[in-house]
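Asker: Submitted below is the structure of interest, expressed as structure tokens.
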Amino acid sequence: MTLFSKFPRMLFSFSPDIMHAVYKKSSRFDRKKIILSGFGAKATGINSGKTENTLCHLQGWIRRYVIAIAHISNRGRHMKKMPAALVLTCLFFVLLPSFVLGAQSTQDVPATEELKQKVRKDILAKAGKTGDAGADYMIGIGDILGISVYGEGDMAVAPVQGTPRGEGEQATQPPGSGVVVRIDGKISLKHIGDIEVAGLTLTQLADYLKVIYASVFDDPVVTTVLVQSNSRRYTVMGKVAQPGVFHLDYPINIVQAVARSGGFNEWANSSITLVRKDGKNDSLFEENTLEFDYDDFLKGKELERNILLEAGDILIVH
């Protein structure tokens, strides 16, 4: 029976300490069997998850392994023995990654839907009590977000590239990539699946994800970035050159919005109506509408009516 036909049976025969003692009193051929047996037993312990005290024994195990190779080769005088040393070397580098992976301590436990809902509810409740949200940017449908965990990289499942907007001096630089907020207000992230983010600020989202990712990583540091705003829009319609829906990428007032849409056409007069959903909370509004006269604006009258637009505003040029 050859050495390699005995190899599977020898894997479980001896502990490393017993093999080392027997090794000293064995013949040259028997020593090769003992070395292979000890290597296999050690590797079997690693692969089966028995990593306790492995680091303590690893140094001595490698030392015995190197001594064994030197003995087999006998400083070059027995080159016919080198195939056995080559087998040991190959086995070492094949089984070493198993040891490294077995030493990792990451908890890969996905967060439950109950946990996600509870954490989101707690964060929104806290914001309502303290007023933390204030004038911070509110995440909405269509926004592209960059989300990363320190040391783990980008968490987007399917990153999308932002779209450059504007022409000439108003042209924006090509934005980066990130995860898009779907029409249901959710995004898909690695390890934790779908997360509802619409209605949160970027700070609230970072706090939210830190709690959720704590079920996957140890003490995660989460970064959230607005790659591109696509949810904040306003509408210009009526007697302008280019009516349409425009992204609210920067602060813009009524006169600037009309200019952005190409200005008045030949049938327009000086009257403009701004419709806002919660306009009645502003003293300049009557119910949900504000009347703006461009001729008065040119004369320097009622300049305070040239207000900044908000997401969802509708401008009607008469």
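Asker: Find, to one decimal place in angstroms, the Kirkwood hydrodynamic radius of the stretch 113-228, where the mean of 1/r is taken over every pair of different Cα atoms and then inverted.
Answerer: Over the stretch 113-228, the inverse of the mean reciprocal pair distance is 14.9 Å.
Asker: For every other residue with a beta carbon closer than 13 angstrom to the beta carbon of residue 230, add +1 if it is Lys or Arg and -1 if Asp or Glu, then tell me the sum.
Answerer: It works out to a net charge of +2.
Asker: Then there is this: Tell me the net charge near residue 250. Cut-off is 12 Å between Cβ atoms, residue 250 excluded, with +1 for each Lys or Arg and -1 for each Asp or Glu.
Answerer: Summing Lys and Arg as +1 and Asp and Glu as -1 gives +2.
Asker: Let me ask something additional. Using 0.36 nm per residue, how much length does the chain from residue 214 to residue 311 gain when fully extended, once their Cα-Cα distance is taken away? Display every interim value, and only then the final one.
Answerer: Numbers: separation 97, 0.36 × 97 = 34.92 nm, distance 3.43 nm.
31.5 nm is the gain from fully extending residue 214 to residue 311.
Asker: Right, here's the next one. How big is the dipole moment of the stretch 233-317 about its Cα centre under a simple scheme where the beta carbon of each Lys and Arg is +1, that of each Asp and Glu is -1, and everything else is neutral? Debye, nearest 20, please.
Answerer: Magnitude of the dipole: close to 240 debye.
Asker: Moving on to the next point. Considering every pair of different Cα atoms, what Kirkwood radius, in Å, is found for the stretch 236-289?
Answerer: For the stretch 236-289, the Kirkwood estimate is 12.3 Å.
Asker: Let me ask something else. How much net charge surrounds residue 307 when only the other residues with a Cβ under 10 Å from the Cβ of residue 307 are counted, with Lys and Arg +1 and Asp and Glu -1?
Answerer: Computed value for this residue: -2.
Just so you know, all these numbers are worked out from the coordinates, no wet-lab data involved. From a predicted model like this one, the values you see are computed outputs, not experimental measurements. For neighbour counting, all protein chains shown are included, and Cβ atoms are generated from backbone atoms with ideal geometry for every residue, glycine included.
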